[in-house]
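Notes for the one structure printed next.
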Ligand SMILES: [Zn+2]
């Protein structure tokens, strides 16, 4: 029996209903309703009122289409896919950056650092007693400071300073008159920062009422080495130009320590070796994404640390208190470790071709028969590029299975 086309009005109804159906299901859905209507028409078209009957029959497609449009299964699935996309990671990192900016009052510390007065005279030094064990700067005992006037030969000029907090909670600097000239910045009234302290204002230091410990800044005489000055003055001598490297060292040491701990997790991960196997030409996107993600995460941790000014307490010299420094090292270490670990745990279950999160973990094989036929979990790329197979037995290696050539239509 030849298939006759169904009447126009029923075709319109079916087309309208089809527009409601989500695009991925549309063509099989249309096919099913068309053949159903055609079958109805073939058997009933000679009966009286057949056209109206078919219209009523076709109208049933509308609630079905509506149901598919509103089908709740679809929304979580789409959300799931969006969360797994590499762009989502970028969004998360951007949100973290925004949170740091918001909590730090718009990157206050970073902006202050960029607008700081530069003090890059290579002869400019800070004088203080260092505890060898903690690196803590105690400052110069004021008795020694006053004695320098009689014997010291290595400094061209020097000035004492001392930080304090005023009654309104603002940081104030007590400085000797020549303090600003030695630093090479315009005196008072201008915002300056010295050893990571930015005082709100400064007042003259009273020589008659010196605190027990003083911060002292000095200019070495030309040709005098740091070692000779230390011998002459009897205190530690630290060139100001080296201070920034000290901060960098603090962060680098924390990062290296965290890196070595995180590496253990990575090299004992079978998924790492599964991803590392095979040609780099095919998986470079995977490793590039991992490297960029890790670098950005680590940079954000360091940035948050700078904005929070971990471990900076106000002592007379602006030095870090050893106890606070110790307490600050741990959160920094944990944050670095957390960022590195997150980066890998997120990466290990990503597709090697498109960096989407692998999906649909399926248990393969029969557990009872695992002796003969190894069982394991297989996670598949939602775009069908490949799958990661992780056997249940710890001894067996994981493997990346490329499905590209067989199933994928894209890339
Ligand atoms: Zn993929």
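Values in this text are rule-based calculations from the coordinates and carry no lab data. Just so you know, these numbers come straight off a predicted model, no measurement behind them. Virtual Cβ from ideal backbone geometry, glycine too; neighbours counted across all protein chains shown.
This ranking places 31, 307 by how few other beta-carbon atoms lie within 10 Å of each, fewest first, which gives 31, 307.
Evaluate E = 1/(1 + (r/R0)^6) for residue 80 and residue 242, where r is the Cβ-Cβ distance and R0 equals 56 Å; express this FRET efficiency to the nearest 0.05. Mind dumping the intermediate values first?
On the way: r = 52 Å, r/R0 = 0.92.
About 0.60, to the nearest 0.05.
What FRET efficiency comes out for residue 349 versus residue 308 if R0 is 25 angstrom and r is the Cβ-Cβ distance? Round to the nearest 0.05. Mind showing how you got there, number by number?
Working: r = 32 Å, r/R0 = 1.27.
Computed FRET efficiency for residue 349 and residue 308: 0.20.
Size estimate for the stretch 8-71 follows the Kirkwood approach: the inverse of mean 1/r over distinct Cα pairs works out to 11.9 Å. Residue separation of residue 329 and residue 272 scaled by 0.36 nm, minus their Cα-Cα distance, works out to 17.6 nm of gained length.
Stick to Cα atoms and the Kirkwood definition of Rh, then tell me Rg/Rh for the stretch 124-241.
Numbers: Rg = 14.0 Å, Rh = 14.8 Å.
My calculation of the ratio gives 0.95.
With neighbours defined as other Cβ atoms within 10 Å of a residue's Cβ, the residues 354, 95, 62 order from fewest to most as 95, 62, 354.
With each label modelled as a point 7 angstrom along the Cα→C-beta vector, the residue 403-residue 342 pair spans 3.0 nm. Ordering 363, 150, 275 by the number of other Cβ atoms within 10 Å of each residue's own Cβ, fewest first, gives 150, 363, 275. Summarising the label geometry, the points placed 7 Å from Cα in the beta-carbon direction at residue 102 and residue 12 lie 5.2 nm from one another.
Relative protection proxy for 258-265, 76-83, from highest mean packing down: 258-265, 76-83 (other beta-carbon atoms within 10 angstrom). Compared with the alpha-carbon gap, the fully stretched path from residue 227 to residue 280 is longer by 13.9 nm at 0.36 nm per residue.
Would you mind putting 101-109, 33-41 in packing order, based on average other-beta-carbon counts within 10 Å, highest first? Present the calculation step by step, with values, prior to reporting the outcome.
On the way: 101-109: 13.6, 33-41: 17.0.
Highest-to-lowest ranking by the protection proxy: 33-41, 101-109.
By the equivalent-ellipsoid construction on the alpha carbon gyration tensor, the stretch 253-297 comes out with semi-axes of 22, 15, 7 Å, ordered largest to smallest.
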